[in-house]
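The values are calculated or read from the model by the stated rules, or taken from the named source; none is laboratory data. Bear in mind that the values here come from a model prediction, so they are computed numbers and not experimental data. Here the Cβ positions follow ideal geometry from the backbone for every residue, glycine too, while neighbour counts run over all protein chains shown. When the accessible area is computed, the model is the full protein with side chains, heavy atoms only, and any ligands, DNA or RNA have been set aside. Shrake-Rupley method; radii C 1.70, N 1.55, O 1.52, S 1.80 Å.
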Amino acid sequence: MSRLKALLFDKDGTLVDFAITWNGAAASVLASLAGDDDAMHAALAAILHYDRETAAILPTSPFIGGTVIDIAAHFAPVVGIAPGEHADFVDRLARMFNDGALASVAPIGDPLGLLTRLKAEGYLLGIVTNDTEAGARAQSAKLGLDALFDAVIGYDSGHGRKPDPGQINAFMATFGTRADETALIGDTLHDLDAARAAGVTAIGVASGYLSAEQLSPHADHVISDIMALPALLDALNER
């Protein structure tokens, strides 16, 4: 195995805490869309797999690993969005979710210290996410991470979305790294499937909704969270 040169990170559940970051955003979006209509609120919550009693997105939610496009397609008929208005609704919904998430974005561990160390060691760093590029950039900036990434690629950046490998392939093509020099770090099967499809090293992190046991069959390596990454990289580089 060649020494890794590029490390691509998923965002939600990997760099930022999904529940803390998105539960409040979901509550805000549902309240804004439904207003005083409790039946509509319940219907939207069911689509999102949002537990109204605990005010939390459930681990079964299609929003985890998916995109706002998927949610918008199901929300639209409930809130009365006509087919011709769908694109505008997707944009509006993305802004609503991202505004809410930005207000409560919370890191997992110390990504600033970790990424600063990895950058100093010469690694190329990137985000590949099924969030919007603008949302990922805004959250990275709020956490002070934006200057550390060589690229931020969202589902709307023109390279597709995970589990397809387009985002990873685009990064490698831009920076000239080979698949055996590149790793993807993520917490969902979409992340690991995308890594497999691109032929890069798949590193699972058990900091999202899936356990190490659930991730292991799909990953080359599994660690508890991103803060365990340096030890793994040291071990790999000693081979």
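Hey, Ser104 hits all of (1) within 18 Å of Val29 (Cβ to Cβ); (2) surrounded by fewer than 15 Cβ atoms within 10 Å (Cβ to Cβ) but one; which does it fall short on?
If we test Ser104 against (1) within 18 Å of Val29 (Cβ to Cβ); (2) surrounded by fewer than 15 Cβ atoms within 10 Å (Cβ to Cβ), just (2) comes out false.
Go over the candidates Ala151, Ala197, Ala120, Ala136 one by one and state the one that is small (Gly, Ala, Ser), open to solvent by 40 Å² or more (accessible area, probe 1.4 Å) and in contact (Cβ under 8 Å) with a residue 24 or more places away in the chain.
Answer to the check: Ala197.
Pull out all pairs, ordered by first then second residue, where Cβ-Cβ is under 6 Å, the residues are six or more apart or on different chains, the first lies in the stretch 90-113 and is at positive phi, and the second is of a type outside the set (A, V, I, L, M) and not in a helix (DSSP H, G or I).
From the stretch 90-113, the pairs are Gly109/Asp225.
Out of all the residues in the stretch 4-14, which are assigned to a loop (DSSP other than H, G, I, E, B) and of a type in the set (A, V, I, L, M)?
Leu4, the sole residue that qualifies.
Quick one: how many residues across the stretch 15-55 are closer than 17 Å to Val68 by Cα and in a strand (DSSP E or B)?
1
Could you figure out which of (1) under 22 Å from Ser2 (Cα atoms); (2) open to solvent by 30 Å² or more (accessible area, probe 1.4 Å) isn't true of Ser207?
Checking Ser207 against (1) under 22 Å from Ser2 (Cα atoms); (2) open to solvent by 30 Å² or more (accessible area, probe 1.4 Å), the one that fails is (1).
Evaluate the following for Asp191: is it modelled with pLDDT under 95 and either buried (at least 23 other Cβ atoms within 10 Å of the Cβ) or not basic (Lys, Arg) (or both)? Steps first, please.
Values: modelled with pLDDT under 95: no; either buried (at least 23 other Cβ atoms within 10 Å of the Cβ) or not basic (Lys, Arg) (or both): yes.
Answer is no for this residue.
Any chance you could count how many residues in the stretch 210-232 are part of a loop (DSSP other than H, G, I, E, B) and small (Gly, Ala, Ser)?
Of the residues in that region, 3 qualify.
Limited to the stretch 16-32, what total is found for residues that are touching a helix residue (DSSP H, G or I) at 6+ places or on another chain (Cβ under 8 Å), in contact (Cβ under 8 Å) with a residue 24 or more places away in the chain, crowded, with 19+ Cβ neighbours inside 10 Å and not polar (S, T, N, Q)?
So the answer is 5.
Which one of these is at pLDDT below 95, under 22 Å from the mean Cα position of the chain (by Cα), among the aromatic types (Phe, Trp, Tyr) and surrounded by 13 or more Cβ atoms within 10 Å (Cβ to Cβ): Phe9, Phe63, Phe75? Can you show your working first?
Values: Phe9 fails: at pLDDT below 95; Phe75 fails: at pLDDT below 95.
Being at pLDDT below 95, under 22 Å from the mean Cα position of the chain (by Cα), among the aromatic types (Phe, Trp, Tyr) and surrounded by 13 or more Cβ atoms within 10 Å (Cβ to Cβ) holds for just one of Phe9, Phe63, Phe75, which is Phe63.
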